[in-house]
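Asks: Please find one structure pasted underneath; my questions will follow.
All of the numbers you see were taken from the coordinates with simple rules; none came from a lab. Computed from a predicted model, the values in this text were never measured in an experiment. For neighbour counting, all protein chains shown are included, and Cβ atoms are generated from backbone atoms with ideal geometry for every residue, glycine included.
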Amino acid sequence: MIARRAFLQSAACLAPAAFRLSAAEEPLRVHAAAHGLLYGAAANYRALQNDSDYSAHFAEECNLLVPENVLKWSTVHPEPQRFDFVPGDFLARFGAGHEIQMRGHTLVWHEQLPRWFAETVTKENAREYLETHIHTVMGHYQGRMHSWDVVNEAIHPPDGCDDGLRKTPWLELLGPEYLEIAYTAAAAADGHALAGYNDYGLDYQTPEQEAKRMAVLALLRRLKKQKIPIQAFGMQAHLSAAQQKNFQPQVLRRFLGEIAGLGLKILITEMDVSDADLPADTEARDRAVAEVYERYLTAALAEPAVVAVLTWGLTDKYTWLAHRRADAAPARVLPLDVEFQRKPAWYAIAKALDTRR
Ligand code: 9MR
């Protein structure tokens with residue numbers, strides 16, 4: 001498949017118009033670029049090393065890459081005084097070799113902390129560990145990152161903390177000031193990468209998600225008012241076909257509009273559509289998933305502050321949503337299937353990118 005498309009693309013320069021790849025069949029990065037956008041995906045490090053079909057399709061479809069896991073603390077900071085950039089550097093080299101920009105994920109998160117963290121980091125040394133981590137990791141990729149998820153998933157109103165903050169090790173060690181510390185350290189480490197705040201569970205018209213939207217907006221307003229250096233917002237967009245009844249385009253538009261009004265750029269950072277609760281029939285499932293992609297992205301891309309769309313993976317062969325179905329049918333949640341064939345979801349994303357003015 002990839003060979004056929006590569007042949008078609010190289011032949012297109014020489015061939016009469018009738019033989020050219022039709023515009024609709026161009027890779028997603030081309031659809032995106034035609035409208036001043038980036039399209040990318042979370043990259044699976046092992047697969048990019050070992051599965052040449054995967055890396056070929058990744059290079060074909062994407063002009064933006066985010067490591068799915070290897071820049072998280074547990075991988076990049078395996079011991080208190082040791083950092084491991086081998087996997088991250090592999091991905092950076094892959095990106096640079098294929099004209100794919102890279103974004104970083106993530107510097108401050110309550111998950112994927114290394115085992116040594118709990119027994120080593122105290123209220124007394126937490127600030128130093130946080131600043132050193134940010135300086136070292138961001139510094140290592142200085143000038144090479146499009147953007148960074150500096151803080152990830154800091155809001156969780158059900159925890160009952162002030163301002164809807166999530167009860168995390170960072171909040172317990174440093175108090176709410178940990179956000180300010182992180183963004184200030186990030187600005188010092190790499191002033192060029194967009195420093196972002198990234199979160200999920202903001203997509204639907206439900207009381208829980210409305211409360212979370214309000215808390216996220218309040219946080220971003222507070223950071224801007226305090227002149228904390230933050231330039232971007234990441235809307236993860238982990239969607240579910242079963243939740244489609246709660247999707248209201250105008251709610252999404254309004255929320256993104258409020259964020260844009262703060263002067264922040266917006267990235268759709270981790271989009272995928274769970275099919276766990278859909279009936280088994282493949283065609284019907286693909287149609288339902290595609291419709292979710294198209295409606296969501298068409299609404300989101302109407303907001304001019306949106307600069308990039310990333311899916312959380314490219315192919316159903318590598319997705320964190322595998323094995324979620326009661327009937328054990330393989331998940332069909334991403335643009336390409338397990339054999340790298342384009343699915344209705346791929347065409348839905350292309351179509352939505354093309355709606356961008
Ligand atoms: O897809 C990621 C999965 O492979 C990891 O096991 C998991 C824990 O590190 O993180 C998943 O990615 C998450 C991302 O880092 C933050 N937003 C939610 C994503 C899905 O859980």
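Asks: With just the Cα atoms of the stretch 85-143, tell me how far they stretch along each of the three principal axes, in Å, largest first.
Replies: 43, 21, 17
Asks: Based on the Cβ-Cβ distance from T206 to D354, what FRET efficiency comes out when R0 is 51 Å, to the nearest 0.05?
Replies: Rounded to the nearest 0.05, the efficiency is 0.95.
Asks: What fraction of the DSSP beta bridges in the chain is antiparallel, stated in percent and rounded to the nearest 5?
Replies: Roughly 10 percent of the DSSP beta bridges within the chain come out antiparallel.
Asks: For the stretch 126-169, what ratio Rg/Rh do Cα atoms give with a Kirkwood hydrodynamic radius?
Replies: Taking Rg over the Kirkwood Rh, I get 1.11.
Asks: Suppose only helical runs count, i.e. DSSP H with n ≥ 4. What mean residue ellipticity at 222 nm does that imply for the chain under -39500 (n - 2.57) per run, divided by all residues and rounded to the nearest 500 deg cm²/dmol?
Replies: Counting only the DSSP helices, I get -13000 deg cm²/dmol.
Asks: Next question, about the same structure. Give the Rg/Rh ratio for the stretch 110-263, taking Rg as the radius of gyration of the Cα atoms and Rh as the Kirkwood radius, to two decimals.
Replies: So for the stretch 110-263, dividing Rg by the Kirkwood Rh gives 0.98.
Asks: Now for a different question. Based on the alpha carbon coordinates of the stretch 290-357, what radius of gyration and maximum Cα-Cα distance (Dmax) apply, in Å?
Replies: For the stretch 290-357, the Cα-based Rg and Dmax read 13.1, 41 Å.
Asks: Here's a follow-up. Loop sites only, by DSSP: take the GluC sites (Glu not before Pro) in the chain that have at most 15 other C-beta atoms within 10 Å and name the longest stretch containing none of them.
Replies: 125-338
Asks: What FRET efficiency comes out for the pair A284/Q250, r = Cβ-Cβ distance, R0 = 22 Å, nearest 0.05?
Replies: The formula returns an efficiency of 0.20 here.
Asks: Helix 344-355 versus the longest principal axis of the chain: what is the Cα-based angle in degrees, 0 to 90, to the nearest 10?
Replies: The answer is roughly 80 degrees.
Asks: Out of all Cα-Cα pairs in the stretch 224-275, roughly what percent, to the nearest whole number, are more than 19 Å apart?
Replies: Roughly 38 percent, once rounded to a whole number.
Asks: Divide the volume of the convex hull of the Cα atoms of the stretch 252-312 by its number of residues and quote the answer in cubic angstrom per residue.
Replies: In the stretch 252-312, the Cα hull volume divided by residue count equals 81 Å³.
Asks: Another question, then. Using θ = phi - 60° and the Karplus form 6.51 cos²θ - 1.76 cosθ + 1.60, what ³J(HN,Hα) does each residue of the stretch 38-55 get, whole Hz, x for Gly and Pro?
Replies: These are the phi-based 3J(HN,Hα) values: 10, 10, x, 8, 5, 9, 8, 4, 4, 5, 5, 7, 10, 10, 5, 5, 4, 5 Hz.
Asks: For the stretch 144-208, what value does the Rg/Rh ratio take when both radii are computed over Cα atoms and Rh is the Kirkwood radius, given to two decimals?
Replies: Rg/Rh for the stretch 144-208 comes to 1.03.
Asks: Still on this structure, I have one more. Pull up all non-local amide H partners of V66: gap of 5 or more, or a different chain, and H-to-H distance under 5 Å with H placed in the peptide plane.
Replies: A41, A42, A43, R103
Asks: Here's another thing I want to ask about it. What are the semi-axes of the equivalent ellipsoid for the stretch 225-357, taken as the square roots of 5 times the Cα gyration tensor eigenvalues, largest first, in whole Å?
Replies: Taking √(5λ) for each eigenvalue gives 28, 14, 14 Å, largest first.
Asks: Taking every eigenvalue of the Cα gyration tensor of the chain, multiplying by 5 and rooting it, what semi-axes result, largest first, whole Å?
Replies: So the three semi-axes of the chain are 33, 24, 20 Å.
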